[in-house]
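What follows is a set of notes on a single structure, which appears directly below.
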Amino acid sequence: MGEPSDKRPVIDADECTGCGLCVDVCEHEVLDLVDDIAAIVNAGECTGCADCAEECPVESITMT
Ligand code: SF4
Ligand code: SF4
């Protein structure tokens, strides 16, 4: 698991395929699929670990 950081994930909805891997990997249930696109639904729980970004096969999550 990645280390906590001040960065937060930004999802490129145009690139997201809706595979759900990022949703599954996030241990804090920050992400969910909304209309088959990954979305941040629980931002307050995000630790900035970047596990979601590393998991995404199409690199549609950027940590900023
Ligand atoms: S950075 Fe970590 S805690 Fe935040 S949404 Fe991604 S996997 Fe979840
Ligand atoms: S892992 Fe990437 S492509 Fe899959 S749902 Fe998440 S953001 Fe979309």
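Here are the numbers for the structure shown:
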| read-out | value |
| --- | --- |
| Positions within region 1-39 being among the aliphatic types (A, V, I, L, M), in contact (Cβ under 8 Å) with a residue 12 or more places away in the chain and more than 7 Å from ligand 1 (Cβ to nearest atom), in sequence order | Met1, Val10, Ile11, Ala13, Leu21, Val23, Leu33, Ile37, Ala38, Ala39 |
| From the options Cys19, Cys46, residue that is out of contact with any Gly (no Cβ under 9 Å at 6 or more places or on another chain) and within 10 Å of ligand 2 (Cβ to nearest atom) | Cys19 |
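Taken together, the values in this text are just the output of simple stated rules run on the coordinates, not laboratory data. None of the values given here were measured: they were computed from a predicted structure. FYI the Cβ positions are ideal-geometry reconstructions off the backbone, even for glycines, and counts take in every protein chain you see.
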